[in-house]
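The values are calculated or read from the model by the stated rules, or taken from the named source; none is laboratory data. Keep in mind that what you see is a predicted model, and the values were worked out from it rather than measured. Here Cβ is always computed from backbone atoms with ideal geometry, including for glycine, and neighbour counts include all displayed protein chains. Please note that ligands, DNA and RNA were not included when accessible areas were found on the heavy atoms of the full protein model with its side chains. Shrake-Rupley method; radii C 1.70, N 1.55, O 1.52, S 1.80 Å.
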Amino acid sequence: MTTSPAPARRNQSSSLRRAITVLEYIRDHAGTGRGISLTRLAEELAINKSTVLRLAAPLIDADLLVRDRETGWFRLGHGTLRLGQAYLSSLDLRTVATEPLRLLQHAIGETCHLVVYEPPDVVYIDKVENETNVRMASRVGSRVPAYRTAVGKAILAWLGEEEFRVVVAAGMPPVTPHTTTDPQRLRAELDRVRREGYAIDDRENEPEVRCVAAPVFDHTDAAIGAVSVSGLTTRMTPARVREVGPMVVRTGLEISHVLGSSRARDKDNGH
């Protein structure tokens, strides 16, 4: 007795990857709310129309996609919102940042911080330091006015005029000879932060310490925190600051990506 060979199984993994590609394209290009046409999907993804329809069918069944009955255009379904809400509810900034912060500290060898913004201050929520170096005065749970810290400036650069005024109204007294006390000078510094991506505290908060920081963005692309590297000026020279800056920016974007920010994707795409 002979048995017929089992029918070849379709490469489910390949189909899943292609379906995800369809979903991601619609996510990234349907900002107007109208959706994406079948023709555009087929052309942009180099997939024939019948295959697009086959790949989209289970996504529609799962409410991840919706196809307009009149136009035939595709847009995201309410199932994506449920997924997003479930994902966001499971996130904790400190947990998300733990490994990137540890890797940053290991790569640079200086003390690294994670902060959140509570106007007009920043609050330190995590700290990773090299035990062989001189310890920084910062501690988890402490608050420092945003105007005189790199982490504060990294956040303020991406907030609006109202937040800037709140910080200025709270006062900008000097704590070292290098502290920025002029609102217009602070405003100019925030312009530089937006251009270069990272902020610098050059002995403004502690007399012999330089700090480099970059913002962390949430799923709405709002700056909610910052990561930083701090070290004594003997080690954190201006040249070293220029080397460290891009590394801190990358760490901030890595954390932001996990939090759902589109800024990390834009950076990867060269925008």
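Key figures for this structure:
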read-out: Whichever residue in the stretch 29-76 is in contact with an Asp or Glu (Cβ under 9 Å, 6 or more places away or on another chain) and of a type outside the set (A, V, I, L, M) and, among such residues, is farthest from Ala19 (Cα to Cα); value: Arg34
read-out: Scope the stretch 249-260; condition in a helix (DSSP H, G or I) and touching a helix residue (DSSP H, G or I) at 6+ places or on another chain (Cβ under 7 Å); matching residues; value: Thr251, Leu253, Glu254, Ile255, Ser256, His257, Val258
read-out: Unique match (being modelled with pLDDT of 90 or more, closer than 30 Å to Leu38 by Cβ and under 24 Å from the mean Cα position of the chain (by Cα)) among Leu59, Leu65, Leu55, Leu76; value: Leu76
read-out: Pairs with Cβ under 6 Å, 6+ apart, first in the stretch 105-120 and in contact (Cβ under 8 Å) with a residue 12 or more places away in the chain, second among the polar types (S, T, N, Q) and crowded, with 21+ Cβ neighbours inside 10 Å; value: Thr111/Ser230; His113/Ser228
read-out: Members of the stretch 133-171 found to be among the polar types (S, T, N, Q) and at pLDDT 95 or above, listed by number; value: Thr149
read-out: Qualifying residue in the stretch 206-223 (condition: more than 17 Å from Ser256 (Cα to Cα) and polar (S, T, N, Q)); value: no
read-out: One residue from Ala46, Ala42, Ala86, Ala97 being surrounded by fewer than 18 Cβ atoms within 10 Å (Cβ to Cβ) and under 26 Å from Val258 (Cα atoms); value: Ala86
read-out: Check on Arg27, open to solvent by 30 Å² or more (accessible area, probe 1.4 Å), under 21 Å from Gly77 (Cα atoms), at pLDDT below 90 and not in a loop (DSSP other than H, G, I, E, B); value: yes
read-out: Residues located in the stretch 150-164, provided they are assigned to a helix (DSSP H, G or I), surrounded by fewer than 23 Cβ atoms within 10 Å (Cβ to Cβ) and out of contact with any helix residue (DSSP H, G or I) (no Cβ under 9 Å at 6 or more places or on another chain); value: Glu161, Glu162
